[in-house]
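See below for the structure under consideration.
Computed from the coordinates by the stated procedures, all read-outs in this text should not be read as laboratory data. Quick caveat: nothing in here was measured; it's all calculated off a predicted structure. With ideal geometry, Cβ positions are generated from the backbone for all residues, glycine too; neighbour counts draw on all protein chains shown.
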Amino acid sequence: MKILITGATGTVGSAVLEHLKSLGMDAVGAGRAAAVDTSWAQLDFAKTTTFRKALKGITHLFLVVPSGYKDAGHIQRFLDAAISFHVEHITFLSGRTTGDVPGRMLNTVEEQVRKCGLPYTILRPGWFMQNFALGLAEDIRQEGKIYLPAGDAKTAFVDVRDIAVAVEKTFLEKGHQGKTYDLVSQEAIDHYEVARLFSEALGRPVEYVDLSPTDFLSLMLGRGEGEEGLAAYIYLFDLVKTGKEARLSADLAELLGREPKRFGAFVGDYLAIWKQ
């Protein structure tokens, strides 16, 4: 078994690559950066010339579509190439928020994967706990604030380390072909509760500031963020506020054979990131 991990510099792809390698599995990371050794493959979905080297010898594929990617035709060409290189299984990282929304990129790619003719598994994770250790970390550390337009809606978050184990299971265990799994923890909490968990763990106040979409846009534009990406982000939080992300699922627990990590445990594991 040789596994190609696309999006290997991203939040989930890097966790999957690290996890599989820790198990001694033959896993190769892929991304647009040039390959420097056999542990990395250059792959650009817009450049078919990169497909051959990336897919040569690959039996299993973890497919991640870059955030904001718009050309589903590029992904279809890559899937066609995977077929020609006799890939045996594809695990596709979709998403709970838009994976089932017709016309959205993740839903389109889900349908491409289902129809490509290869054995597949589709994973629909909830919002990543690790977002609070990345883009949201500075505000928590410096100001004790969480600025988001999430209202008081509850979210069933997921730890990307659990996603990595789930990917492993789809490759090594039978019975996952043709399945679609929702990957979330077994608790749904709002961002006020998130702030309380941070406050307790850090021993100082952390406040969730529920911004309107307009105020959130103004804040992020002032920090140099791109307007197009922010509009997409606000759209996702509009869906969160419908309660869509509060729905629990036993899928991840069944894949793991244990309870998924809860948000409080995640905060404890990454505590040094938010300490002043």
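Annotations for the structure displayed:
- With loop membership from DSSP and a limit of 15 other Cβ atoms within 10 Å, the longest segment of the chain without GluC sites (Glu not before Pro) is 1-87.
- Expected 222 nm ellipticity per residue - DSSP helices of 4 or more, -39500 (n - 2.57), all of the chain, to 500: -11500 deg cm²/dmol
- Cβ-placed point charges (K, R +1; D, E -1), dipole of the range 2-125 about Cα centre in debye, nearest 20: 160
- Local electrostatic count, Gly24, Cβ distance below 15 Å [Lys/Arg +1, Asp/Glu -1]: -1
- Pairs beyond 32 Å (Cα-Cα), from Lys47/Lys244; Lys241/Lys275; Lys47/Lys115; Lys56/Lys169: Lys47/Lys244
- Normalised per residue, the volume of the convex hull around the Cα set of the chain (Å³): 134
- Rounded tilt (10° steps) of 160-172 against the dominant C-alpha axis of the chain: 20
- The magnitude of the dipole of the chain, with charges of +1 and -1 set on the Cβ of Lys/Arg and Asp/Glu and taken from the Cα centre, is near 820 debye.
- Globularity ratio of the range 2-125, using Cα Rg and 2.2 N^0.38 Å: 0.97
- Only Lys, Arg, Asp and Glu carry charge here, each on its Cβ (+1 for the first two, -1 for the last two); on that basis the range 62-206 has a dipole of about 260 debye about its Cα centre.
- Dividing the Cα radius of gyration of the range 1-71 by 2.2 N^0.38 Å, with N the residue count, gives 1.02.
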